[in-house]
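Peer 1: Here it is: the structure, laid out below.
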Amino acid sequence: MAVKALKGFKDIVPGEVETWQFIEGTARDILHRFGCAEIKVPILEKTKLFKRSIGETTDIVEKEMYTFADRNGSSLTMRPEGTAPVLRAYIENGLHAAKPIQKLYTIGPMFRHERPQKGRLRQFHQISVEVLGTDLPRVDAELMAMAALILEELGLSASLEINSLGCPECRPSFNEALLKFIGGVDDLCEDCLRRRETNPLRVLDCKSANCQAHYKDAPSILDHLCSGCDDHFSKVKKGLDLLEVPYSVNSFMVRGLDYYTRTTFELLTNDLGAQSAVGAGGRYDGLVAQLGGPKVPGIGFAMGMERLALLLDQQEDALPESELDLFIAALGSAAQDEAFKMCQALRSIGLSIAMDHQNRSLKNQMKQAGRAKARFALIIGDEELANGQAVLRNMETKDQLDVALGGDVNDWSLELADKLFD
Ligand code: HAM
């Protein structure tokens, strides 16, 4: 029996890959407009990097990581997200010393052993952005505006929800109030009862309708912010208002990773079934130091590329159709030889060219040109070749014109290219 791909791991085949290239190209363009530089980091890291950053009691670390012992016994993990590896690289390569503010992005696969469903895979891809070295609220607003612009230029829309998770100074008072509140509720689900002991904030993220019914009266973290966090959050909102980025505040958004402080945000859509987040992120002012680096604040977000691709696929005419510049229909062995050389000459000056190498009938070759969505077809037979002639057909209008061949293939290839782009 043929060997199949792993569950939750997907091939991205021609026909789909064009959507991915469009997403990546659009994102790169916008990221560069905002002054971000690309960084490439390994897929495998030491397990402790993720335990220390994402948090020991998160779902990702407790149940979703692809972790295994290396041949020499050290524990390795296939990255479940991009922030921790980028920060490790930032520290290890002394990037903080090179530039006080670093804006870095990385695009690539991440791995989480979750239950696969629409928009949720075990190998998925993120466009992941980190801005390190500043805690100015305007940077938070600018980053969210950048995420919104990526969606806009892809022709997609999502709603932005924001929250503040406070800082080590004010979070304990909220945790205390929350613990007091949930301590008085007894019919919580098993997960919430466990989280109540290990990571109380995470109970607010519970999917159970029964638990959520209790939490609607829970204390709000926004009522517990210290004056520094409260002021920061107000300025982030003002920044979004100035940039005219619409948002709503959701004080129950807690995120699934423990490193966040202050601003957190999610970009949500109703068009993906259960998986509503196309992107998410937030500030992590203590994380660089926690990973052994300097005391440098940071903020970032990641977008799920599978989810963006699904949204684009649901839209008609989202992508321009890919086209071939020219199909060469060569009839006869001398014409086949000449066309073979022509393909190389025309491709080397930047045109996309195809031909049929099997000398099939003109009708069959024109069908191939149509299927390949060629803009033009060049028809050459042995006789035309002997007379230094060929016919150039515009595949859309069906207009035809005679073109002169002769002399060096490279010279008249240039002339032909001029005609195609007239
Ligand atoms: P996250 O919320 O875990 O955050 O993931 C960000 C995005 O990745 C999600 O909104 C979703 O679009 C996509 N995603 C996550 N898991 C899957 C999956 N199993 N299948 C398909 N798509 C998925 C982070 O990863 C943080 N590192 C974001 C960040 C960067 N925060 C600060 N800097």
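Peer 1: Report, ordered by the first and then the second residue, all pairs with beta carbons closer than 7 Å, sequence separation of six or more or different chains, a first member in segment 202-220 that is over 17 Å from Ala177 (Cβ atoms), and a second member that is open to solvent by 10 Å² or more (accessible area, probe 1.4 Å) and not in a loop (DSSP other than H, G, I, E, B).
Peer 2: Qualifying pairs under 7 Å: Cys206/Asp191; Cys206/Gln212.
Peer 1: Any chance you could count how many residues in segment 93-136 are open to solvent by less than 20 Å² (accessible area, probe 1.4 Å) and over 28 Å from Trp20 (Cα atoms)?
Peer 2: 1
Peer 1: Can you pull out the strands (runs of 3 or more DSSP E) entirely within segment 257-336 that have at least 3 residues that are crowded, with 21+ Cβ neighbours inside 10 Å and within 9 Å of the ligand (Cβ to nearest atom)?
Peer 2: Fully inside segment 257-336 and qualifying: 261-268, 277-283, 298-304.
Peer 1: Would you mention how many residues in segment 147-170 are closer than 17 Å to Ile299 by Cβ and either in contact with a strand residue (DSSP E or B) (Cβ under 9 Å, 6 or more places away or on another chain) or without any contact (Cβ under 8 Å) to a residue 24 or more places away in the chain (or both)?
Peer 2: Total satisfying the criteria: 12.
Peer 1: Shifting gears a bit: Only residues in segment 99-125 that are farther than 14 Å from Gly82 by Cβ count as the first member; pair them with residues that are open to solvent by 30 Å² or more (accessible area, probe 1.4 Å) and among the polar types (S, T, N, Q), Cβ under 9 angstrom, at least 6 apart or cross-chain, and list the lot.
Peer 2: Gly119/Ser276
Peer 1: So Gly239 ticks every box in (1) open to solvent by less than 20 Å² (accessible area, probe 1.4 Å); (2) in contact with a Phe, Trp or Tyr (Cβ under 9 Å, 6 or more places away or on another chain); (3) assigned to a helix (DSSP H, G or I) but one. Which box is left unticked?
Peer 2: Result: Gly239 fails condition (2) only.
Peer 1: Still on this structure: With the condition kept exactly as written, say whether any residue in segment 219-230 is of a type in the set (Val, Ile, Thr) and either more than 24 Å from Thr83 (Cβ to Cβ) or not in a helix (DSSP H, G or I) (or both).
Peer 2: No, that holds for no residue.
Peer 1: Suppose we filter segment 242-256 for residues that are in a strand (DSSP E or B) and open to solvent by less than 60 Å² (accessible area, probe 1.4 Å); how many remain?
Peer 2: So the count comes out to 1.
Peer 1: Could you please find all residues in segment 364-415 being assigned to a strand (DSSP E or B), without any contact (Cβ under 8 Å) to a residue 24 or more places away in the chain and small (Gly, Ala, Ser)?
Peer 2: Ala390, Ala404, listed by residue number.
Peer 1: Further question on the same structure: Does any residue of segment 38-49 turn out to be open to solvent by less than 80 Å² (accessible area, probe 1.4 Å) and within 24 Å of Ala145 (Cβ to Cβ)?
Peer 2: yes
Peer 1: Right, next: Can you tell me how many residues in segment 329-376 are aliphatic (A, V, I, L, M) and under 37 Å from the mean Cα position of the chain (by Cα)?
Peer 2: Final tally of qualifying residues: 10.
Peer 1: Find the residue count for segment 77-98, including only residues that are part of a loop (DSSP other than H, G, I, E, B) and touching a residue at least 24 places away in the same chain (Cβ under 8 Å).
Peer 2: Total meeting the criteria: 4.
The values are calculated or read from the model by the stated rules, or taken from the named source; none is laboratory data. Note that the coordinates shown come from a computational prediction; the quantities given were computed from them, not determined experimentally. Quick reminder, even Gly has a Cβ in these numbers, built from the backbone with ideal geometry, and neighbours come from all protein chains shown. Areas reflect the complete protein model, heavy atoms only, side chains present, ligands, DNA and RNA absent. Shrake-Rupley method; radii C 1.70, N 1.55, O 1.52, S 1.80 Å.
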